[in-house]
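Some notes on the structure that comes next.
Computed from the coordinates by the stated procedures, all read-outs in this text should not be read as laboratory data. If you're wondering where the values come from, they're calculated on a predicted model, not measured in any experiment. Cβ sites come from the backbone with ideal geometry, for glycine too, and all protein chains shown count toward neighbours.
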Amino acid sequence: MVKSNLRDALKDVRYLDRRYCINISRWLSVCIALLTGVIFSLPASAQDYPDKPLRLVIPWPAGGLVDIAGRTAAKVLQPSLKQAIVVENKLGAGGILGADAVAKGPADGYTLLLTTSALSINAVLRAKMPFDMSADLAPIALIAWAPSVLVASPRLNVTSVQELIALAKTKPGKLTYASSGVGSPAHLSAELFKTLAGIDLLHVPYKGAPQAMTDVMAGEVDLLFANATVAIPQIKANKIRALAVTSAKPYPGLPDLPTMAQAGVLQFEADQWLGIFAPSGTPEEILSLLHREIGKALVNDEARATLEQNGMTAAVLASRLDFKNFLLQDKEKWAGVVSTANIPKE
């Protein structure tokens, strides 16, 4: 009886052990399948990327400075990515519509944005934005700087920034500066200049840069922070007088012209930046890959020459974190200018 009970007990143990092993085996199979899926899905986003054309949204007009930079970057980037990059100009609301479309687009690395300092400026000037600059867009790479030039009407008898400051201090609020509108880079650059130089100038906003430049040449307005590409032909034709560039370093297109800092306005830097973004949530490995390939592509001599011919200089920061930190500082700078100048939010 005892032996019989023992045999039955051992049989039950063997049955339970076999059933337990089967259950463990099934559980392991499920885990292996899940892990395999995860392992293969994660690298695929980087190893197989890109496996179809990319879309680069530029929220500015075709043929303009930003468009030229975007098409130049797309051209030199396509060979390394081995995919076409389709440029789409999506205009509206000072760059907001195009940026919003990308911010709300699929976070798969196939929809990218090329925009400018307008992103930071809009973030501090607009009371309501359809997206959050920091939360909804992932910075990939800064690709170029676009300096401006402080130019004066020939009718204004000044040949340097210091002469201009001295004259402005004898006529507070009398000298005028043009811009392409409230909140434009030309407007905020002039307000930054006013604060750092301790002078008062009268703002004359226009609906666009061409008319602003025309009136400075005609002597209707005294000053303008003009895009270098637009300003250089007029400077060389002696229709306006160049006083300084807004970049931190001398601009190759005007090598004899001092920077604002060299001209005595310390801590002044107001270049427009141009950079590439993706929707937040885009896999980190894809963002890193794009940053790396953009940096390699912009070493291209032809790309650099094209940018320089159009008033820009190529510039890729060392890391995406550097770009992110720069954007935070840029936003803080313009927020300070807007606050000091009491510019109302739209």
* **Neighbour-limited loop hits for trypsin sites (Lys or Arg not before Pro), segment 253-346 (at most 13 other Cβ within 10 Å; DSSP other than H, G, I, E, B)** => Lys345
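With charges only on Cβ, +1 for K and R and -1 for D and E, what is the dipole size of the chain about its Cα centre, in debye, rounded to 20?
Rounded to the nearest 20 debye, it is 840 debye.
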* Amide H contacts of Leu224 (H built 1.01 Å from N, under 5 Å, at least 5 apart or other chain) -> Val151, Ala178
* Asked: With respect to the cross-link table entries Lys104/Lys296; Lys207/Lys331; Lys194/Lys249, which display a Cα-Cα separation exceeding 26 Å?
  -> Lys104/Lys296
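Can you tell me the length gained on complete extension of the stretch Lys90 to Thr340, counting 0.36 nm per residue apart and subtracting the Cα distance?
This chain segment gains 86.7 nm when fully extended.
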* Asked: Once the other residues with Cβ under 12 Å from the Cβ of His291 are scored (Lys, Arg +1; Asp, Glu -1), what is the net sum?
  -> 0
* To do: Give a quick list of trypsin sites (Lys or Arg not before Pro) in segment 58-88 that DSSP marks as loop, anything other than H, G, I, E or B, with at most 16 other Cβ atoms within 10 Å.
  => Lys82
* Amide H neighbours of Glu88 under 5 Å, counting only residues 5+ apart in sequence or on other chains, H built in-plane at 1.01 Å? -> Leu56, Val57, Ile58
* Structure fact -> Computed over the Cα atoms of segment 85-173, the Rg and Dmax in Å are 19.4, 58
* Spread of Cα-to-Cα distances over 10 Å intervals beginning at zero, given as percent, for segment 197-346 -> 9, 29, 36, 21, 6, 0
* When the chain is fully extended, how far beyond the present Cα-Cα distance does Glu163 get from Asp256, taking 0.36 nm per residue of separation? -> 31.7 nm
* Asked: By what distance, in whole Å, do the Cα atoms of the chain stretch along each of the three principal axes, largest value first?
  -> 122, 41, 33
* **Cross-link partners of Lys128 among aspartates and glutamates (Cα-Cα below 17 Å; sequence separation of 8 or more within a chain)** => Asp100, Asp136, Glu346
* What is the calculated FRET efficiency for Gln267 to Ser319, with r their C-beta to C-beta distance and R₀ = 30 Å, to the nearest 0.05? -> 0.75
* Sites Gln211 and Ala62 - FRET efficiency at Förster radius 25 Å, r taken between beta-carbons, to 0.05 -> 0.75
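Full extension from Lys104 to Lys249: what is 0.36 nm times the residue separation minus their Cα-Cα distance, to one decimal in nm?
Numbers: separation 145, 0.36 × 145 = 52.20 nm, distance 3.65 nm.
Stretched fully, the Lys104-Lys249 segment lengthens by 48.5 nm.
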* Structure fact -> At R0 = 45 Å the Cβ-Cβ FRET efficiency linking Arg155 and Asp301, nearest 0.05, sits at 0.60
* Asked: Could you give the semi-axes, largest first, of the ellipsoid that matches segment 148-245, computed as the square roots of 5 times the alpha carbon gyration tensor eigenvalues and rounded to whole Å?
  -> 18, 15, 12
* In whole Hz, with x marking every Gly and Pro, tabulate ³J(HN,Hα) for segment 275-292 from phi via Karplus 6.51 cos²θ - 1.76 cosθ + 1.60, θ = phi - 60°. => x, 10, 10, 10, x, 4, x, 4, x, 4, 5, 6, 4, 5, 4, 5, 4, 5
